[in-house]
Amino acid sequence: MTQPIAWLDGPHWPYLALILFAVLPTEIWRWLAVAFARGLDADSALLDWVRAVATALLAGIVAKLVVSPPGVLAQVPVPVRVAALAAAVAVMALSRRRMMLAVLMAEAVLIGGVWLFGAI
């Protein structure tokens, strides 16, 4: 029978698992992206296409969360979810695209709407 590794047998094994299965698989792609991005022109057609695809994916995810959300968010009325999205878009337009302010505003509208309508 193989002897267990002493420091993995105790409370340290979740940290090793986190590093091996969460950090390393994603971190390697980040380092490769940095290595390959050095020679790219920021105004190239390829990067314009990548930005467009990323924006379309994000828009699709946001639309899915508003139209057919999972979990507890499904109990929030549709007008409250649409109002939260509209508030976030308005903050983005008025605050020079500050993402954190937009997220906080959307959360405030969601919480306020649930509190006001007693949805959950």
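A few remarks follow.
- Yes/no for residue 39 being in a helix (DSSP H, G or I), of a type outside the set (S, T, N, Q) and either surrounded by fewer than 13 Cβ atoms within 10 Å (Cβ to Cβ) or touching a helix residue (DSSP H, G or I) at 6+ places or on another chain (Cβ under 8 Å) (or both): no
- Subset of the stretch 40-61 [more than 21 Å from residue 103 (Cα to Cα) and either under 14 Å from the mean Cα position of the chain (by Cα) or of a type outside the set (A, V, I, L, M) (or both)]: 41, 43, 44, 48, 49
We did not get these values from a lab; they are worked out from the coordinates using the rules stated. The model shown is predicted, which means the values in this text are computed figures rather than measured ones. We place every Cβ from the backbone using ideal geometry, glycine too, and count neighbours over all the protein chains shown.
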